[in-house]
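Engineer: Here you go, one structure.
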Amino acid sequence: MSHRADRVVVVGAGVVGTTAAWVAARDRLAEEVVLVDPEPGSGASWVAGGMLAPITEAWPGERALLELGAASLARWPAFAAAVEDASGRSVGLRRAGTLAVVVDAADREDLDRIVEHLRAWGRDPERLTGRETRRREPALGPAVRAGLAVPDDLAVDNRLLLAALREAAARAGVVVRSEPVARVVESGGAVSGVELGSGEVLGARRVVVAAGAWSAALHPALDGLVRPVKGEILRVRARPGSLPPPTWTVRAAVAGRAVYAVPRDGGRLVLGATQYEVGFDADVTVGGVRDLLADTERVLPGIADYALEESAASFRPGTADNLPVLGAVPGAPEGLLACFGHGRNGFLLTALTADVVGELLAGRPMPDESRAASAHRLATLEVSP
Ligand code: GLY
């Protein structure tokens, strides 16, 4: 067993774990910070669209998630600037805003229902007719009947951000170990480290579990708290002579299915995402690709001529109430800090999560706006088996 009096181990090097490790090292919240992941930067963070969109991703019944997302979005400009400053790299924050659009009558009724909820929750997004949406975003096709314009719902380039976070973490002194973690180990009711796949125990008094959908397997107290929710994405690129890609992020409902197109530099778009509860089945399916292409093409007809560059699948970390699990978990050993369960909103909620991790590792309470995500609620929450 390797000892270190004041070591923090962060398990999971996706966007949340890498951020946690960077914050811990930057703020000198431990003598040593070790980030462990068999494939750093892979998984859901690699596949994500990078929407920072609490309004256009809002859903009736999920007010707490909307408020968490809004609190995190307010932190995003400063978070992005801090990562860029610490890494010397761009994170690709896009400020063009998001349009939510619909193509048929049933989807329009759903949109009306969502707008009613948003109004009841103090938000009043701008309603647009089909013609008005096309005037804002000429890449939209004639099938679009109505929409919402949300200039404050942003997006970030997931892969640029991951690279910048890795660099910031390295410059702050984070040690990265590319190995699997078998479990969190404890002694006398407190964390004593993590057991690596090799059997080596890496000693630590504090362990941040940020392994997304894989977190539940790391300690019995986490069992059932998070599950994989599969999502497939495609990456496409405009070719010379193609119609230009949208400038706005486009979030659409097509025959009840949600689809989005998030612009990237170089005429690229991330198209996402399917959603299935099929365990850790990582195959990209023919039906998933067909639906994504057909639904996106209804909304953005120009993509038919684009190059198809990539298809990928990964697993959102889903929780019973769709809120993240942050902090000390009832029944878990002292020193285990949960930092998982960000569901569809990993990138959006990362800015707030950074502050939560900073406060908790410093021994202070989490920020008030993050309380809905506190793991304390699990004492009364019914979890799925
Ligand atoms: N944030 C969108 C998704 O999870 O697909």
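The values are calculated or read from the model by the stated rules, or taken from the named source; none is laboratory data. Owing to the predicted nature of the structure, the values given are computational and were not obtained by experimental measurement. Quick reminder, even Gly has a Cβ in these numbers, built from the backbone with ideal geometry, and neighbours come from all protein chains shown.
Engineer: With respect to VAL208, is the statement that it is touching a Cys at 6+ places or on another chain (Cβ under 6 Å) and farther than 22 Å from GLY272 by Cβ true?
Structural biologist: The answer is yes for VAL208.
Engineer: Tell me, yes or no, whether the range 22-42 has at least one residue that is of a type in the set (A, V, I, L, M) and either within 13 Å of the ligand (Cβ to nearest atom) or without any contact (Cβ under 8 Å) to a residue 60 or more places away in the chain (or both).
Structural biologist: No, the range 22-42 has no match at all.
Engineer: Considering only the range 339-368, how many residues are more than 16 Å from the ligand (Cβ to nearest atom), among the basic types (Lys, Arg) and in a helix (DSSP H, G or I)?
Structural biologist: Step one: list which residues in the range 339-368 are more than 16 Å from the ligand (Cβ to nearest atom), which gives 339, 354-368.
Restricting the remaining residues to those that are among the basic types (Lys, Arg) gives 364.
Those still in the list that are in a helix (DSSP H, G or I) too: none.
Qualifying residue count for the region: 0.
Engineer: Tally the residues that are free of Cβ contacts under 8 Å to residues at least 24 places away in the same chain and in contact with a strand residue (DSSP E or B) (Cβ under 9 Å, 6 or more places away or on another chain), restricting the search to the range 258-293.
Structural biologist: We begin by selecting, within the range 258-293, every residue free of Cβ contacts under 8 Å to residues at least 24 places away in the same chain; these are 258, 286-287, 290.
Next, only the ones that are in contact with a strand residue (DSSP E or B) (Cβ under 9 Å, 6 or more places away or on another chain) stay: 258.
So the answer is 1.
Engineer: Can you name the number of the only condition in (1) aliphatic (A, V, I, L, M); (2) surrounded by fewer than 24 Cβ atoms within 10 Å (Cβ to Cβ); (3) within 23 Å of PHE315 (Cβ to Cβ) that ALA78 fails?
Structural biologist: With (1) aliphatic (A, V, I, L, M); (2) surrounded by fewer than 24 Cβ atoms within 10 Å (Cβ to Cβ); (3) within 23 Å of PHE315 (Cβ to Cβ) applied to ALA78, the lone miss is (3).
Engineer: Residues GLY212, GLY272: which one is closer than 30 Å to VAL8 by Cα, surrounded by 23 or more Cβ atoms within 10 Å (Cβ to Cβ) and within 14 Å of the ligand (Cβ to nearest atom)? Spell out the reasoning first.
Structural biologist: Details: GLY272 fails: closer than 30 Å to VAL8 by Cα.
Being closer than 30 Å to VAL8 by Cα, surrounded by 23 or more Cβ atoms within 10 Å (Cβ to Cβ) and within 14 Å of the ligand (Cβ to nearest atom) holds for just one of GLY212, GLY272, which is GLY212.
Engineer: Separate question: Yes or no: ALA332 in a loop (DSSP other than H, G, I, E, B), modelled with pLDDT of 95 or more and in contact with a helix residue (DSSP H, G or I) (Cβ under 6 Å, 6 or more places away or on another chain)?
Structural biologist: When the stated conditions are applied, ALA332 passes them.
Engineer: While we're here: Tell me, which residue of the range 49-61 that is touching a strand residue (DSSP E or B) at 6+ places or on another chain (Cβ under 8 Å) and of a type in the set (A, V, I, L, M, F, W, C) is farthest from the ligand (Cβ to nearest atom)?
Structural biologist: Ranking the qualifying residues of the range 49-61, first place goes to ILE55.
Engineer: Then there is this: In the range 123-133, is there at least one residue being among the β-branched types (Val, Ile, Thr) and touching a helix residue (DSSP H, G or I) at 6+ places or on another chain (Cβ under 6 Å)?
Structural biologist: Looking through the range 123-133, none of the residues is among the β-branched types (Val, Ile, Thr) and touching a helix residue (DSSP H, G or I) at 6+ places or on another chain (Cβ under 6 Å).
Engineer: Can I ask one more? Tell me which residues, restricted to the range 101-119, are touching a helix residue (DSSP H, G or I) at 6+ places or on another chain (Cβ under 9 Å) and under 19 Å from LEU68 (Cβ atoms).
Structural biologist: HIS117, LEU118
Engineer: Being within 19 Å of ALA163 (Cβ to Cβ) and in contact with a Pro (Cβ under 8 Å, 6 or more places away or on another chain) is the filter here, so list the residues in the range 45-95 that pass it.
Structural biologist: Scanning the range 45-95 gives LEU93, ARG94.
Engineer: I'd like to know if the range 255-269 contains one or more residues that are surrounded by 15 or more Cβ atoms within 10 Å (Cβ to Cβ) and more than 28 Å from ALA354 (Cβ to Cβ).
Structural biologist: Yes, the range 255-269 contains a residue that is surrounded by 15 or more Cβ atoms within 10 Å (Cβ to Cβ) and more than 28 Å from ALA354 (Cβ to Cβ).
Engineer: Could you grab me the full set of residues in the range 341-385 that are touching a Gly at 6+ places or on another chain (Cβ under 6 Å) and either of a type in the set (Phe, Trp, Tyr) or at positive phi (or both)?
Structural biologist: GLY343, PHE347
Engineer: Which numbered condition trips up ALA80, out of (1) within 15 Å of the ligand (Cβ to nearest atom); (2) aliphatic (A, V, I, L, M); (3) outside any loop (DSSP other than H, G, I, E, B)?
Structural biologist: Result: ALA80 fails condition (1) only.
Engineer: Go over the candidates ALA351, ALA320, ALA307 one by one and state the one that is more than 25 Å from THR19 (Cβ to Cβ) and not charged (D, E, K, R). Break it down into steps so the answer makes sense when it comes.
Structural biologist: On the way: ALA351 fails: more than 25 Å from THR19 (Cβ to Cβ); ALA320 fails: more than 25 Å from THR19 (Cβ to Cβ).
ALA307 is the lone residue from the list that is more than 25 Å from THR19 (Cβ to Cβ) and not charged (D, E, K, R).
Engineer: Please give the strands (runs of 3 or more DSSP E) falling wholly within the range 99-185 in which 3 or more residues are under 25 Å from the mean Cα position of the chain (by Cα).
Structural biologist: So the answer is 146-150, 154-156, 175-177.
Engineer: So which residues in the range 333-366 are surrounded by fewer than 19 Cβ atoms within 10 Å (Cβ to Cβ) and without any contact (Cβ under 8 Å) to a residue 40 or more places away in the chain, if there are any at all?
Structural biologist: GLU359, GLY363, ARG364, PRO365
Engineer: Name the single residue that is farthest from VAL181 (Cα to Cα) among those in the range 216-258 being of a type in the set (S, T, N, Q) and away from the ligand (no atom under 15 Å from the Cβ).
Structural biologist: In this case the residue turns out to be SER242.
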